[in-house]
Each structure stands twice: as C-alpha cells, then as structure tokens.
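Engineer: What follows is a single structure, and I will ask about it in a moment.
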Amino acid sequence: MPRGKLPARESVCDLLEPVMRKDKKQLIGDEIGDEQIKLFLDFEPYDATSPSLHKLIKAYRGLRINDFERFLVFFREAGHDFDGKDEHGNDFIALIKDQRNADEYIELIEKARS
C-alpha cells in the first residue's frame, strides 16, 4: 500500500481513536472549580439564538453531568432564562433530545425550571 493511503475500511478517526480515548480519560478525571464553571456564563451568541440558550448549549457540550448541574445553579443565580430559544424556535430540550445522553441533562433542566 502506498505511503499515506489508508485501507478502505479504516479512517483517520479509527487510527486516532485509541489516542483520543486515553487523552479523554485524563481530562474527564480532572476536578473543575466553580470559577471555571462560571466561565460558561460569559459565552455570547453570534446569531439570533437567545443568549441564555447559547450558554446552556455551551455548558452542555463542555461540562460533565455533575458540573452541568452545578452550572445550572449559577445560571439561575445570574437570572438567565431556562426557556430561551434559537432562531428556529427550538429550546434546549428540543435541541438535545435525540442525543445519546440527553435524558440526564433534560431531567436537570426540567428540575431547574420548576
């Protein structure tokens, strides 16, 4: 096989997967403080998305479930809206409901809304 060519059934992602997993385990184990979690409140959207929704999405993508739960306390204290929508009228739950681990996050949002 010529150098730089991958077999048809493999991709670059397949070859990198073991390395990525090792790095991810290391990152997942690190504790993160309140100040680091509060940094997710600083994100602002570049489109018509509600600033509150944008912050929720960024936190959802960047935080583990336990840290996301802590984030929601700071989110509420800062006066943000749990029902913010994007330019298409979708709220947080509508945007994540089809994702693999969404149920835990949706449960936290519903609890925070009440």
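Engineer: Go through the range 38-56 and give me each residue that's touching a Phe, Trp or Tyr at 6+ places or on another chain (Cβ under 7 Å) and surrounded by fewer than 17 Cβ atoms within 10 Å (Cβ to Cβ).
Structural biologist: Matches in the range 38-56: K38 only.
Engineer: From the list A102, A112, A59, pick out the single residue that is surrounded by 13 or more Cβ atoms within 10 Å (Cβ to Cβ) and touching a residue at least 40 places away in the same chain (Cβ under 8 Å).
Structural biologist: A112
Engineer: Among residues belonging to the range 69-92 that are aliphatic (A, V, I, L, M) and surrounded by fewer than 16 Cβ atoms within 10 Å (Cβ to Cβ), point out the one that is nearest to P45 (Cα to Cα).
Structural biologist: The extreme case among them is A78.
Engineer: Give the residues of the range 62-91 that are among the hydrophobic types (A, V, I, L, M, F, W, C) and assigned to a helix (DSSP H, G or I), sorted by residue number.
Structural biologist: Within the range 62-91, I65, F68, F71, L72, V73, F74, F75 qualify.
Residues checked against (1) basic (K, R); (2) closer than 22 Å to Q36 by Cβ; (3) more than 11 Å from the chain's Cα centre (by Cα):
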{"residue": "H54", "(1), (2), (3)": "no, yes, no"}
{"residue": "I57", "(1), (2), (3)": "no, yes, no"}
{"residue": "G84", "(1), (2), (3)": "no, no, yes"}
{"residue": "D91", "(1), (2), (3)": "no, no, yes"}
{"residue": "L95", "(1), (2), (3)": "no, no, yes"}
{"residue": "I109", "(1), (2), (3)": "no, yes, yes"}
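Engineer: Quick one: which of A59, A94 is in contact with a helix residue (DSSP H, G or I) (Cβ under 6 Å, 6 or more places away or on another chain), at pLDDT 95 or above and assigned to a helix (DSSP H, G or I)?
Structural biologist: It is A59.
The values are calculated or read from the model by the stated rules, or taken from the named source; none is laboratory data. What you see is a predicted model; the values in this text were computed from it and never measured. Cβ atoms come from the backbone with ideal geometry, glycine included; neighbour counts cover every protein chain shown.
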